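First comes the structure, then the notes that go with it.
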Amino acid sequence: MNLDSILPLVRRPSRYCGNEFNIVRKDWQSVDLRIVFAFPDMYEIGMSHLGLPMLYHIINSRSHLLAERVYSPDKDLEDLLREKKEPLFSLESKKPLADFDIIGITLPYELCYTNILTILDLAGIPFRAAERNLDFPLVIGGGPCAFHPEPVADFFDAILLGDGEEAILDLAEAVRVAKSSGQSKEELLEILAAIDGVYVPAFFVPEYNSDNRFCGMRSLKPGYEKVTRRFVADLDAVPYESKPLVPLTKIVHDRLGIEIARGCTRGCRFCQAGIIYRPVRERSPEKIFALAKKGIEEGGFDEIGLLSLSSGDYSCLSPLLVQLMDHFVKDKVSVSMPSLRVGSLTPEMMEQIKRVRKSGFTLAPEAGTDRLRRVINKGITEEDLLETCRAAFSLGWKLIKLYFMFGLPTETEEDLQAIAELARKSLALAGRGAFQINVSAATFVPKPHTPFQWEPQISIAQGWAKIDFLKNRLKGKGLRLKWHDPRQSFLEGVMSRGDRKLSQVIEDVWRAGARFDAWSDYFHLETWFQAATKNNIDLEEYLRRREIDEPLPWQHLDCGVGEDFFRDELEKSLNEIYTPDCRVHGCQTCGLCDFKQVKPVLIDPGGIGQPVITGNAHKSQIVKQPESGKFIYKILYSRTGDARFVGHLEMIQMFFRLFKRLKLPLVFSKGFNPSPKVSFSPALPLGTESLAEHLLVTVAEPLKDKNALLQKLNENLPSGFALQSIELGGKQGDKFEVCYHVKFPKSPDPEPLESFMRQKEFVITLERGGRKKSLDARKLVTSIELTDQDQVRICMTVEASVPSVKPLELLRIILALSNEEMYTAKVMKISSRELT
């Protein structure tokens, strides 16, 4: 597909170029099966997701299989594809999605469901599985929402419950055989249903009573009344040794993410993830360190994220942190962890984390009082929280984020009031100075497969009332309240607890324009109510209390934990009875483990492999950086083709990571967030190609073989970038004369150009950051002429901190260009000369 007529017109075109570090491109004709993994949200969200890249590399590790990626296009690209009648394409090969054998769609959260239809529609694929034969790709889902997928079940041929590392290969093999042997779709679905963990919605029919209320799922296939989730017993055995995918554009979690454990043993009664990922399985420290070392070497990241549902509970966390920091501190690579359980992070661990830079510090008390935390089985006290905050402030953290929910079962006004009081007590521990407590609060959504699955969800009005209550009590210096929109939580609850009747609502609301419901700028709940009314559906009905013996739309999907356990836990919650952590207090009889195949995997802290680390983490030897020399090298390079869609800040990060991957002895700045000492030529307008870019990089020692380094750099650069030379010496100037060639689809009139050059002054008004600014464009232009029938040469002065105008921006005014003429013009920077 030729994207030259599309990408110049969209926001952040680098999302769609597919020229990241470490992508895999295979010969389309040399494989037996082609899969495209789709994430139903924007690129910067999907690229932060850990699961999709893992499956991508597992498939591509097989020579006969191919995997590519696609993310939901933003509305501007969607509109352009429709206008130009072009299909949605994969990033790697730019092939239409309909050309693949399987479209694997992640189900990460409920508010992305309309985006699934966008992906299918732009691919020219019918929404409903019943309307598709094997001339279309098989549409397979997976991810957290696979355990309660009924609102979107009709759109999928199959849905995988649970761990995908082994199951994805089983699914691929089944489809490959069906494709080569000419099996019918019905035969293929029968084979898929026989694979452990695979749910085929076509083999189940929802039933409703005379009041049109859900009353159960009827299986159409004998022996297939329940689908049990897939389970990977040993994380160390997962074949995930490939190079990490490294984005060029800024994403939400821009780091090397490493899953250190899967599952959680804490038993919080609101947490669905703590149920569907049980039991806890820890990855060995040796494996984690190997993944970190390889990931940083191949990815060039400056941060490692140690990821799990409760990273602070990892058995060997303290010695692992020492090992990681001792190895990476010299490269200015920091270590972070997601939201931490109060009490799991010791001051010794905090000391390790802050050795490079202080990453964000987030704690999740969830509720304001000890009483309500006993209800939800959080297992922490107010004193635990205050002690953790005291330690963080004493070690230099200035900002602490606290997460809470409101609308929890049995919540009172006293529990809400306690949120504000707890925030104030935490801030008081900081003493004097610019310290901050950020409180984030969100509506509690009673999720399926939890002890609270029968509980009601509060209304939108109640949610806003609770937010107002907190706003009035969380005022003052150092306190800030952020909240999640109760309207979005309402829709999340409906989609979590809904049945198949909602599929028509989703389709209707999509046709009415709904997209990206997780994004406030796009979200319109009124459209959902209108679609529900059209289908005679009361959305609020889905949030009511469920009777304990009432059929639920997700009961045919077996997460492994027994219903009796959920009922017992619900009863315990009402009596504020604590269920201990099975990690240290023995089995709590949830019914999941058989202690043969399915069992907890915990690492013995005394059995860590090489290098063996003993003693307390805080006694680790802090690596002192040697005093370095300063050798400045000037690198000339070009950026053409897809590289013109990489923004200036994105390009800076790209070079930082490239230099780190190739182990250049970089010199870093001092201070709180050290960064490499690299300076770049003036920023190019997005979409502009260039033959004359440069950067200056400061290194601690002379580069031994510049030609070999130049070759190595070029081998590792994304497509469109090419380094031309590396020379010792140089300084970054403040003023340049820059010349461009601007090529138009048809020849422009030369007279306005000549008229412009005859004028002494040419004042234009531009909008920058929402403000209008006027400047004299004539004094910025040294020459402008028509050099070819359809090409203009324009030379301009560019000076640091002096307002300027983009060449195409100015030519649009001079030549009175239409939008089409402007957007189809091609701009090439051909030279840059420093002025004294």
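The values are calculated or read from the model by the stated rules, or taken from the named source; none is laboratory data. As the structure is a computational prediction, the values presented were derived from the model and not from experiment. Positions of Cβ are backbone-derived with ideal geometry, glycine not excepted, and every protein chain shown enters the neighbour counts. Note: areas computed on protein heavy atoms with side chains; ligands, DNA, RNA excluded. Shrake-Rupley method; radii C 1.70, N 1.55, O 1.52, S 1.80 Å.
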* Enumerate the lysines that Lys634 could reach by cross-link, defined here as Cα to Cα under 21 Å, with residues fewer than 8 away along the same chain left out. => Lys660, Lys663, Lys677, Lys704, Lys706, Lys712, Lys731, Lys735, Lys829
* Tell me which residues come under 5 Å, amide H to amide H, from Phe204 once H is placed; ignore anything under 5 positions away on its chain. => Leu220
* **Radius of gyration and maximum dimension Dmax of region 174-277, Cα, Å** => 20.1, 56
* Asked: Can you tell me the accessible area per residue over the chain, all protein chains present, probe 1.4 angstrom, in square angstrom?
  -> 41 Å²
* Asked: Across 10 Å bins from 0, what is the distribution of all Cα-Cα pair distances for region 463-548, in whole percents?
  -> 15, 40, 26, 14, 4
* **Candidate residues Lys773, Lys596, Lys294: accessible-area rank, largest first, probe 1.4 Å** => Lys596, Lys773, Lys294
* Asked: Roughly how tilted is helix 706-716, in degrees to the nearest 10 and between 0 and 90, from the longest Cα axis of the chain?
  -> 50 degrees
* Asked: When the Cα atoms of region 260-318 are enclosed in a convex hull and the volume is divided per residue, what value in Å³ results?
  -> 94 Å³
* If packing is taken as the mean number of other Cβ atoms within 10 Å per residue, what is the order of 43-56, 521-534, highest first? -> 43-56, 521-534
* Given the rule -39500 (n - 2.57) for each run of at least 4 DSSP H residues, summed and divided by the residues of the chain, what is its mean residue ellipticity at 222 nm, to the nearest 500 deg cm²/dmol? -> -8500 deg cm²/dmol
* Whole-angstrom Cα spans of region 536-591 along principal axes, big to small -> 51, 26, 17
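What ranking do 267-276, 704-713 get when scored by the average of other Cβ atoms within 10 Å per residue, highest first?
The packing order, highest mean first, is 267-276, 704-713.
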* **13 Å Cα-Cα reach of Lys85 towards aspartates and glutamates, excluding residues that sit fewer than 8 places from it in its own chain** => Asp121
* Mind checking which lysines have their Cα closer than 19 Å to the Cα of Lys773? Skip sequence neighbours fewer than 8 apart in that chain. => Lys806
* **Unit charges on C-beta of K, R, D, E only; dipole of the chain, Debye** => 3260 debye
* To do: For region 371-517, report the translational diffusion coefficient in µm²/s to the nearest whole number, using Stokes-Einstein at 25 °C, 0.890 mPa s, and a Kirkwood Rh over Cα pairs.
  => 142 µm²/s
* Which residues' amide hydrogens lie under 5 Å from the amide hydrogen of Gly305, considering only partners 5 or more residues apart or on another chain, with H built in the peptide plane? -> Leu256, Gly257, Ile258, Ser336
* Among Phe516, Phe656, what's the order by accessible area (1.4 angstrom probe), most exposed first? -> Phe656, Phe516
* Asked: Can you pull the percent of the chain's accessible area that's carbon plus sulfur, 1.4 Å probe, other chains left in place?
  -> 50 percent
* Return the inverse of the average 1/r over all pairs of distinct C-alpha atoms in region 748-787, which is the Kirkwood hydrodynamic radius, in Å to one decimal. => 11.4 Å
* Which FRET efficiency, nearest 0.05, do Lys75 and Glu131 yield, Cβ-Cβ r, R0 22 Å? -> 0.30
* To do: On a 0 to 90° scale, report how tilted helix 167-181 is relative to the longest principal axis of the chain, with both axes built from alpha carbons and the result rounded to the nearest 10.
  => 80 degrees
* Take peptides 124-135, 295-306 and line them up by average Cβ neighbours within 10 Å, highest first, as a rough protection proxy. => 295-306, 124-135
* To do: Take the Cα coordinates of the chain, assign each an equal point scatterer, and use the Debye formula without solvent to give log10 I(q)/I(0) at q = 0.08 Å⁻¹.
  => -0.81
* Asked: What's the Cα-based Rg to Rh of region 223-295, Rh via Kirkwood?
  -> 1.06
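Starting from the exponent 0.38 and prefactor 2.2 Å, build the expected Rg for region 426-479 from its residue count and divide its actual Cα Rg by it.
Region 426-479 yields a ratio of 1.59.
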* Asked: Over what distance in Å are the Cα centres of region 362-431 and region 239-304 separated?
  -> 27 Å
* Asked: Which value, to two decimals, describes the C-alpha radius of gyration of region 773-836 once divided by 2.2 N^0.38 Å?
  -> 1.17
* Structure fact -> Counting only Cβ distances under 4.7 Å between cysteines, those in the chain with no partner are Cys17, Cys112, Cys145, Cys215, Cys264, Cys316, Cys389, Cys559, Cys582, Cys587, Cys590, Cys593
* **Lysine pair count for region 330-464 [Cα-Cα under 20 Å; pairs on different chains or 8 or more apart]** => 13
